[in-house]
Amino acid sequence: MSKFEKLLERLLSVPSDFTWEELVKVLAQFGYEELKKGKTGGSRRRLADEKKNVITLHKPHPGNIVKTYALKQVIAHLKEKGYIKDE
């Protein structure tokens, strides 16, 4: 099992200690890149793939742990767009 597969499996288990960097790595494997939106974007982050599918999230601060509801939203989005299969 590759590092990406392990990380994806970890995401799908909705852990309470999943970091922002881990989430960005997973999304990058599906072609998502962070959209840059000026100097005052605040904690709101938008990630889009080449098909213009957009995920909008709040980057966690001051910590680095992504909230459970946000992980569930990302998983639902990836399933809806066909990136991961619903098991």
Here the residues within region 43-52 that are out of contact with any helix residue (DSSP H, G or I) (no Cβ under 9 Å at 6 or more places or on another chain) and assigned to a loop (DSSP other than H, G, I, E, B) are 43, 50, 51, 52
When region 9-42 is checked residue by residue, the ones that are under 10 Å from the mean Cα position of the chain (by Cα) and in a helix (DSSP H, G or I) are 11, 20, 21, 22, 23, 24, 25, 26, 27, 28
When every residue in region 1-41 that is β-branched (Val, Ile, Thr) and in contact with a helix residue (DSSP H, G or I) (Cβ under 7 Å, 6 or more places away or on another chain) is compared, the one farthest from residue 70 (Cα to Cα) is 26
The correct count of residues that are without any contact (Cβ under 8 Å) to a residue 24 or more places away in the chain and loosely packed, with under 14 Cβ neighbours inside 10 Å in region 58-78 is 7
| Can residue 77 be described as touching a strand residue (DSSP E or B) at 6+ places or on another chain (Cβ under 8 Å) and either more than 20 Å from residue 4 (Cα to Cα) or not in a loop (DSSP other than H, G, I, E, B) (or both)? | yes
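In contact (Cβ under 8 Å) with a residue 12 or more places away in the chain, surrounded by 10 or more Cβ atoms within 10 Å (Cβ to Cβ), assigned to a helix (DSSP H, G or I) and under 13 Å from the mean Cα position of the chain (by Cα): is that true of residue 55 in this structure?
no
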task = With the condition kept exactly as written, say whether any residue in region 23-39 is surrounded by 13 or more Cβ atoms within 10 Å (Cβ to Cβ) and among the acidic types (Asp, Glu).
result = yes
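Any read-out appearing in this document is the output of simple, stated calculations on the displayed coordinates, not a laboratory observation. Everything numeric here is computed off the predicted structure, so don't read it as measured data. Don't worry about glycine lacking a Cβ; one is built from the backbone with ideal geometry, like all the others, and counts go over all protein chains shown.
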